[in-house]
Amino acid sequence: MAARSDHLSMLRNAGYVDAIEIDVTAAFLHTARAWLQESTRRGDELAALETPGAFEERKAERERMIAAIEDGLLRRSLYSARRR
């Protein structure tokens, strides 16, 4: 989702100060890969708990998310700020 303004600006415009952004993309990518690996390893068990096709779709979504991170199209950040 594209924003007309970056998140730090939006926080400042909303009355927050000392706003900082912490890029956690690398840690999130590590977690996403582990999540995919483990869900794939237990795929038969997990698929049996969901409606037909749901597990495969969720797995495909995770694969697309990882690819987007690797291609530099998706980031994960944490923000910290305090009210004036």
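Each value in this text was obtained by applying a stated rule to the coordinates, not by laboratory testing. Bear in mind that the values here come from a model prediction, so they are computed numbers and not experimental data. When we count neighbours, we look across all protein chains shown, and the Cβ atoms used for this are built from the backbone with ideal geometry, even at glycine.
Listed values, structure above:
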| item | result |
| --- | --- |
| Positions within the range 43-55 being out of contact with any helix residue (DSSP H, G or I) (no Cβ under 7 Å at 6 or more places or on another chain) and surrounded by 12 or more Cβ atoms within 10 Å (Cβ to Cβ), in sequence order | E50, A54 |
| Qualifying residues in the range 19-43 (those that are of a type outside the set (G, A, S) and in a strand (DSSP E or B)) - the one nearest to R83 (Cα to Cα) | I20 |
| Residue match in the range 51-63 (condition: aliphatic (A, V, I, L, M), assigned to a helix (DSSP H, G or I) and within 17 Å of the chain's Cα centre (by Cα)) | yes |
| Out of R12, R42, R83, R64, sole residue that is in contact with a Gly (Cβ under 7 Å, 6 or more places away or on another chain) and of a type in the set (D, E, K, R) | R83 |
| Residues that are surrounded by 11 or more Cβ atoms within 10 Å (Cβ to Cβ), in contact (Cβ under 8 Å) with a residue 40 or more places away in the chain and of a type in the set (K, R), drawn from the range 56-84 | R75, R76 |
| Any hit, the range 5-18, residues being surrounded by 11 or more Cβ atoms within 10 Å (Cβ to Cβ), hydroxyl-bearing (S, T, Y) and assigned to a helix (DSSP H, G or I) | yes |
